Amino acid sequence: MKILIKNGRVLNPATNTDAVLDLLAEDACIKEIGTHIDATDTDKVIDASGCYVMPGLIDMHVHLRDPGFLYKETIETGTLAAAKGGFTTIVAMANTNPVIDDAHKLEAVYEHARQYSPIHVLQAGSVTKGMNGLELTNARALKNAGAPVLSEDGKTVMNAALFREALLNAAALNLPVLDHCEDIHLKGNGALNSGSIAKKLKVEGISNAVEDTIIARDILLAKETNARLHICHCSTADSMKIIKAAKEDGISVTAEVCPHHFTLTDEDILPGDSNYKMAPPLRTRKDADALIDGLKNGTIDVISSDHAPHALYEKTEDIASAAFGIVGLETSVPLTITELVIPGHLTPLQMAEKMSYNPAKILGLGTRGLNVGEIADITVIHPDIEFVIDKDSFASMGRNTPFHGRKVRGKVLFTICEGVIC
């Protein structure tokens with residue numbers, strides 16, 4: 001297929017390009033970038049006037065729920081949601097049933113994805129067998145089967161000695177470890193951020209220390225083992241201080257934040273609405289502002305969704321007993337544009353860096369940029385289109401979002417994966 005994208009604002013962090021240009025894709029690759037490219041013999045011409053043309057977006061943190069939880073999401077529905085949200089590559093977490101803890105299970109996911117996914121699916125391997133925190137997986141076998149990362153996301157390996165051994169193994173293989181930081185003993189039965197809102201709603205709170213203590217522990221372990229550590233879904237002000245200090249100390253640590261944590265605070269929680277319950281929880285305005293500062297100053301490298309679909313009944317229980325997590329693949333782009341780009345916290349080029357360039361580097365995918373000869377993974381977004389988020393229009397099976405009815409700007413118009421419009 002031959003696709004010509006004309007007059008778009010091409011944003012390519014790999015070359016620091018931010019200019020109105022044409023882009024020609026053919027046979028899954030980018031063939032030409034320039035001005036006034038001839039449209040002769042093209043299969044599709046896209047007028048991208050007023051649009052961002054970005055390298056295909058990459059979400060490093062997605063729960064596809066497949067295998068084992070197909071009533072929540074499937075590879076097919078989850079990747080359709082990703083494509084609709086502008087993502088050409090996603091990393092699926094390993095907390096499925098069975099857990100993706102060996103090469104055979106990982107290969108089965110890839111086979112399924114080849115049949116049903118319009119985009120690239122990368123499957124994480126778990127750190128421990130069954131994610132039970134007792135015995136390490138064979139990291140080498142998982143890497144050889146195609147795992148780009150190891151992650152116990154959804155859980156923390158509470159045994160520090162065992163996690164240190166996991167980091168040593170990962171470092172020997174140059175495998176990043178995506179780290180869910182949550183001290184389960186400190187968390188207890190907590191449901192929402194510790195503070196006045198949790199007290200008002202009569203639920204147990206989750207203090208910032210639940211997250212911060214594990215971040216500090218694991219960064220020190222990464223320093224000792226020379227491992228590549230990626231901190232998932234940061235939510236606290238002190239996490240920014242710890243990660244910034246680690247980077248200044250030369251430790252190989254990267255970090256991500258999710259749109260819900262820089263958009264909402266615990267003050268936004270509606271009583272009885274479990275769609276505001278996620279792990280880590282919505283924090284205070286001070287925390288959210290610190291995350292935005294972290295994005296601006298480079299402490300935070302990546303914006304990820306932590307897409308976590310659940311069945312309706314799992315999110316209609318009371319807040320104390322409802323499942324943690326919300327969907328995010330189809331809301332990440334408009335929330336990022338509305339909350340970060342329009343107010344001037346990030347430039348459009350920095351958005352492309354946080355949502356494509358940096359994830360590609362961390363995952364070992366090269367630049368995945370908009371360069372001649374590279375794979376034609378491209379996302380076209382109109383930043384000025386205003387719309388209201390409608391959960392009933394989602395491609396995802398999950399409807400668990402606190403953003404239903406929220407007015408936003410920034411619409412994904414085209415997601416192109418390997419030169420094919422999804």
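The values are calculated or read from the model by the stated rules, or taken from the named source; none is laboratory data. The shown structure was predicted, so the numbers you read here are calculated from the model rather than taken from an experiment. Positions of Cβ are backbone-derived with ideal geometry, glycine not excepted, and every protein chain shown enters the neighbour counts. With ligands, DNA and RNA removed, areas are computed over all heavy atoms of the protein, side chains included. Shrake-Rupley method; radii C 1.70, N 1.55, O 1.52, S 1.80 Å.
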Original post:
In the list 196, 239, which residue meets the criterion of being of a type in the set (Ser, Thr, Tyr) and open to solvent by less than 10 Å² (accessible area, probe 1.4 Å)?
Top reply: 239
Original post:
Being of a type in the set (Val, Ile, Thr), under 21 Å from the mean Cα position of the chain (by Cα) and within 24 Å of residue 363 (Cβ to Cβ), is that true of even one residue in region 232-240?
Top reply: no
**OP:** Name the single residue, out of those in region 99-125 being among the aliphatic types (A, V, I, L, M), touching a residue at least 40 places away in the same chain (Cβ under 8 Å) and part of a helix (DSSP H, G or I), that is nearest to residue 73 (Cα to Cα).
**Re:** 109
**OP:** Working only within region 126-145, note down all residues that are open to solvent by less than 30 Å² (accessible area, probe 1.4 Å) and assigned to a loop (DSSP other than H, G, I, E, B).
**Re:** 126, 127, 133, 137, 145
Original post:
Quick check, is residue 381 surrounded by fewer than 18 Cβ atoms within 10 Å (Cβ to Cβ) and assigned to a strand (DSSP E or B)?
Top reply: no
**OP:** Report yes if some residue within region 10-27 is surrounded by 14 or more Cβ atoms within 10 Å (Cβ to Cβ) and at pLDDT below 95; otherwise report no.
**Re:** no
Subject >> Filter pass, residue 364 being open to solvent by 10 Å² or more (accessible area, probe 1.4 Å) and among the small types (Gly, Ala, Ser) >> reply: yes
Original post:
Among the residues of region 71-85, is any buried (at least 22 other Cβ atoms within 10 Å of the Cβ), touching a Pro at 6+ places or on another chain (Cβ under 8 Å) and under 18 Å from residue 365 (Cβ atoms)?
Top reply: yes
Original post:
Just for strands (runs of 3 or more DSSP E) wholly inside region 164-275: which have at least 2 residues that are of a type in the set (A, V, I, L, M) and in contact with a Cys (Cβ under 6 Å, 6 or more places away or on another chain)?
Top reply: 253-257
**OP:** Scan 121, 53 and give me the residue that is open to solvent by less than 10 Å² (accessible area, probe 1.4 Å) and among the β-branched types (Val, Ile, Thr).
**Re:** 53
**OP:** May I ask you to verify whether residue 172 is at pLDDT 95 or above, among the small types (Gly, Ala, Ser) and farther than 21 Å from residue 257 by Cα?
**Re:** yes
**OP:** Kindly provide the set of residues from region 276-320 that are touching a residue at least 60 places away in the same chain (Cβ under 8 Å), assigned to a loop (DSSP other than H, G, I, E, B) and of a type in the set (Gly, Ala, Ser), ordered by number.
**Re:** 279, 304, 305, 308, 311, 320
Subject >> Pair list, Cβ under 6 Å, 6 or more apart: region 249-260 residue at pLDDT 95 or above, other residue part of a strand (DSSP E or B) and not hydroxyl-bearing (Ser, Thr, Tyr) >> reply: 253/229; 254/230; 255/231; 256/302
**OP:** Please give the number of the condition residue 316 fails out of (1) of a type in the set (S, T, N, Q); (2) under 26 Å from residue 87 (Cα atoms); (3) surrounded by fewer than 19 Cβ atoms within 10 Å (Cβ to Cβ).
**Re:** (2)
**OP:** Name the single residue, out of those in region 216-233 being free of Cβ contacts under 8 Å to residues at least 40 places away in the same chain and among the hydrophobic types (A, V, I, L, M, F, W, C), that is surrounded by the fewest Cβ atoms within 10 Å (Cβ to Cβ).
**Re:** 220
**OP:** For residue 213, indicate whether it is at pLDDT 95 or above, under 18 Å from residue 152 (Cβ atoms), touching a helix residue (DSSP H, G or I) at 6+ places or on another chain (Cβ under 8 Å) and open to solvent by 50 Å² or more (accessible area, probe 1.4 Å).
**Re:** yes
